[in-house]
1. Can you pull out every residue in the stretch 145-169 that is in a loop (DSSP other than H, G, I, E, B), surrounded by 12 or more Cβ atoms within 10 Å (Cβ to Cβ) and at pLDDT below 80?
2. With the condition kept exactly as written, say whether any residue in the stretch 39-46 is more than 15 Å from W155 (Cβ to Cβ), modelled with pLDDT of 95 or more and open to solvent by 30 Å² or more (accessible area, probe 1.4 Å).
3. Any residue in the stretch 97-110 that is under 15 Å from T17 (Cα atoms) and touching a helix residue (DSSP H, G or I) at 6+ places or on another chain (Cβ under 8 Å)?
4. Name every residue in the stretch 52-66 that is under 14 Å from I86 (Cβ atoms) and open to solvent by 40 Å² or more (accessible area, probe 1.4 Å), in order of residue number.
5. If you take the residues of the stretch 104-124 that are free of Cβ contacts under 8 Å to residues at least 40 places away in the same chain and open to solvent by less than 50 Å² (accessible area, probe 1.4 Å), which of them is nearest to the chain's Cα centre (by Cα)?
6. Looking at the stretch 93-103, is at least one residue of a type in the set (D, E, K, R) and either open to solvent by 30 Å² or more (accessible area, probe 1.4 Å) or touching a Leu at 6+ places or on another chain (Cβ under 7 Å) (or both)?
7. Which of the residues spanning the stretch 67-92 are open to solvent by 40 Å² or more (accessible area, probe 1.4 Å) and in a strand (DSSP E or B)?
Amino acid sequence: MGKRSNFERLPRDCYDTPHEAVIPLLKHLNPKTLFDEPCAGNGFLIRALQNEGHICVKASDTHPGEPKMETIDVFNLKLTMAEYFITNPPWSRDILHPLIWHLSGMAPTWLLFDAHWMHTKQSAGFMGRCRKIVSIGRVKWFPDSKHTGKDNCCWYLFDKYCGETEFFGRP
């Protein structure tokens, strides 16, 4: 999954978001935030946010893991009724980069992906839309594993109407 691993990636980068990865994001959301999850996978992120009182107005994926989710390619979304998109997207840059532009052009967008990205040249064209960065450290992607992932992660808030970027380090 990471750049320092020979671990074979899961198809479509479908890694379930553990509740622990959601906790640092919570203080940056208003109570009962309405959200749209466009890369919903098996719904782990949705359940973690709903357990904290937030409201999912739409859940979709190209290969939905639950019957209540819609089968939609994220790039076919044209609008949302939510306050935010909140998702753990595929980290493959050929998908992630266009996804940042697409979603943040419709609504403020929280994305969970590797922290190292912000320190690379490839991030330069996107940082003008990055309003907040919430560092969460390493994530344990597989519950039965003894180990966390090899990459530190962040929640990034992208918005086409952005001012200066705020950075929140690990607690």
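The values are calculated or read from the model by the stated rules, or taken from the named source; none is laboratory data. All values reported here derive from a predicted model rather than from experimental measurement. Backbone-built Cβ (ideal geometry, glycine too); neighbour counts: all protein chains shown. Note: areas computed on protein heavy atoms with side chains; ligands, DNA, RNA excluded. Shrake-Rupley method; radii C 1.70, N 1.55, O 1.52, S 1.80 Å.
1. T148, G149, K150, C162, T165
2. No - not one qualifying residue is present in the stretch 39-46.
3. Yes; the residues of the stretch 97-110 include at least one that is under 15 Å from T17 (Cα atoms) and touching a helix residue (DSSP H, G or I) at 6+ places or on another chain (Cβ under 8 Å).
4. E52, I55, V57, K58
5. A115
6. Yes.
7. E70, T71, listed by residue number.
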